[in-house]
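What follows is a single structure, written as structure tokens, with notes after it.
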Amino acid sequence: MEKKKILIIDDDLNIRITLSDILILEGYEPFTVENGAAGLEFLKQTSVNVVLIDLGLPDMPGLDVLSTVKAEHPSTEAIILTGNTSLNSAIEATNREAFSYLLKPYGIDQILLHIRRAMEKQQSEEALRISRQILEDVTQGITESIFLISKDYKIRWANKTALNNIGLKMDEIASNCCYDVIHHLKSPCENSPEPCPLSELLATGISRTVQQVHVDKEGNKLITEANVYPVKNDSGEVREIVYVLKDITERVRMVEEIADKVKQLEASLSRVKQLEGIIPICMYCKKIRDDKEEWSRVEEYITEHSEANFSHGLCPECEKKMHAELDDEENIDQPK
């Protein structure tokens, strides 16, 4: 197993030698330099897990060394060592992301404890980074928007699809409330026709699927299918919520379009069925009697009870008959 590396930046030779010997006995691989410039130059060549920084270095303030270390090597943990107690310097060291602040003379057990805790923090953050990277890789090709939301409705993580849909970056939405980022509301249930599915899940611990209206980055309203799933701890308590949104706008539109067509077909079928069965018709004039006992011409009746219309013309037999009648009339009118 590769040893954990620790850099000691201190102008006191005895401290450097003593700390180095102790760290070797504890299984670490220590390195020592006597000033800030040498320490920063060393870090350009070699990565370390923890840096021990003396606050009173001869060439530059230890706090400036701390700031440079965290800016250029953010995963490296830093512990400040000082012989002068100062509340302001301790607060400033914390503000500049120092892991801890130790006052000289410190006990060996004390500094080893701080180093171990710094290592644990670093390992936890690295494990979290790897987990998030795996999550990014797994969800990259998923077309649904996925959010990881805390119990207080704050967004912890979102996949690329979600970020693209809302038009924001992860650092712009992290720690913001989901109802503000996604729905542009001030509370989970504000002006909502139905309860927030996240609130219901927190109350029951049961997954839910609901239909919601969302607004995309262009301001278009989208109909979405929202699924919420609990992330529970070892005690079975809901720790976080997975919130999955699927755009079903087109599917809903097609369903509504099909429903309209079905209604139209049913109406047409209903009208067609009115012409089924036995229809009373006069054997001489061919008029049809309706359900009100009224008589009307065949074309009037059919036009009223269906979507059919009539255009008038002559069939070949009637055309011959008509011409014959006209010829007879002309012969009668002619003088003998």
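No value in this document is a laboratory result; all are computed from the given coordinates. Computed from a predicted structure; not experimentally measured. When we count neighbours, we look across all protein chains shown, and the Cβ atoms used for this are built from the backbone with ideal geometry, even at glycine.
Any idea what diffusion coefficient the chain gets from Stokes-Einstein, in µm²/s, Kirkwood Rh on alpha carbon pairs, 37 °C, 0.692 mPa s?
Diffusion coefficient, whole number: 115 µm²/s.
Sticking with the crude label model, points 7 Å out along Cα→Cβ, report the distance from Thr94 to Cys318 in nm, one decimal please.
According to this spin-label approximation, the distance is 10.4 nm.
Mean-square fluctuation check for the chain, GNM, Cα pairs under 10 Å: which of Ser311, Ser75, Ser124 is largest?
Top of the fluctuation ranking is Ser311.
Can you give the angle from 0 to 90° between the axis of helix 108-139 and the longest principal axis of the chain, with both taken from C-alpha atoms, to the nearest 10?
Compared with the principal axis, the helix lies near 20 degrees.
Count charges around Asp64 for me, please; just the other residues with Cβ under 14 Å from its Cβ, Lys/Arg as +1, Asp/Glu as -1.
Net of charged neighbours comes to -3.
Given the DSSP H assignment, sum -39500 (n - 2.57) over each helix run of at least 4 residues in the chain and divide by its residue total; what's the result at 222 nm in deg cm²/dmol, nearest 500?
The per-residue figure over the chain is -14000 deg cm²/dmol.
May I ask you to order 5-16, 245-256 by the average number of other C-beta atoms within 10 Å around their residues, highest value first?
Listed from highest to lowest mean packing, they are 5-16, 245-256.
Enter the angle in degrees (range 0 to 90, nearest 10) between the Cα long axis of helix 62-72 and the first principal axis of the Cα atoms of the chain, meaning the one along which they spread out most.
The angle comes out at about 30 degrees.
Let me spell out the model: positive unit charges on the Cβ of Lys and Arg, negative unit charges on the Cβ of Asp and Glu, origin at the Cα centre of the chain. What dipole size does that give, in debye rounded to 20?
1100
Could you tell me which trypsin sites (Lys or Arg not before Pro) in region 137-189 are loop residues by DSSP with no more than 10 other beta carbons within 10 angstrom of their beta carbon?
Answer by residue number: Lys169, Lys186.
Over 19 Å, how big is the tail of the calculated P(r) for region 5-134, in percent of all Cα pairs?
45
Given a Förster radius of 41 Å and the C-beta distance between Ser175 and Glu26 as r, what FRET efficiency does 1/(1 + (r/R0)^6) yield to the nearest 0.05?
0.65
Net charge near Cys282: determine it from the other residues with C-beta under 11 Å of the C-beta of Cys282, scoring Lys and Arg +1 and Asp and Glu -1.
Net of charged neighbours comes to +4.
Quick check: pseudo-label points 7 Å beyond the Cα along Cα→Cβ at His184 and Gln45, how many nm apart are they?
5.7
Which of rounded, prolate or oblate describes region 96-216 when judged by the alpha-carbon gyration tensor and an a/c cut-off of 1.5?
It comes out prolate by the Cα gyration axes.
Could you list Trp157, Trp295 so that the one with the fewest beta carbons within 10 Å of its beta carbon is first and the one with the most is last?
Going from sparsest to densest Cβ surroundings: Trp295, Trp157.
Determine the gain in length on full extension of the stretch Leu163-Met60; use 0.36 nm per residue of separation and subtract their C-alpha separation, reporting nm with one decimal.
The Leu163-Met60 span can extend by a further 32.8 nm.
What's the ranking of 48-60, 312-324 by average number of surrounding C-beta atoms within 10 Å, highest first?
My ranking of the peptides, most packed first, is 48-60, 312-324.
Which of the listed residues, Ile146, Leu23, Ala324, is farthest toward the dipole's positive end in the chain, when Lys, Arg count +1 and Asp, Glu count -1 at the beta-carbon?
Leu23
How much length would be gained if the chain were fully extended between Arg132 and Asn233, taking 0.36 nm per residue of separation minus their Cα-Cα distance, in nm to one decimal?
Roughly 34.5 nm would be gained on extension.
Counting Lys and Arg as +1 and Asp and Glu as -1, what is the net charge of the other residues whose Cβ lies under 9 Å from the Cβ of Gly27?
Spelling it out: positives minus negatives among the neighbours equals 0.
Taking loop as defined by DSSP and a crowding limit of 15 other beta carbons within 10 Å, which GluC sites (Glu not before Pro) in region 51-143 fit?
Filter output for region 51-143: Glu97.
Label 7 Å along Cα→Cβ of Asp152; region 168-184 residues with amide nitrogen under 12 Å?
Under 12 Å, as judged by backbone N against the label point of Asp152, lie 175-177 of region 168-184.
May I ask for the angle, rounded to the nearest 10°, between helix 36-45 and the longest principal axis of the chain, with both axes built from Cα atoms and the value confined to 0 to 90°?
That helix lies at roughly 50 degrees to the long axis.
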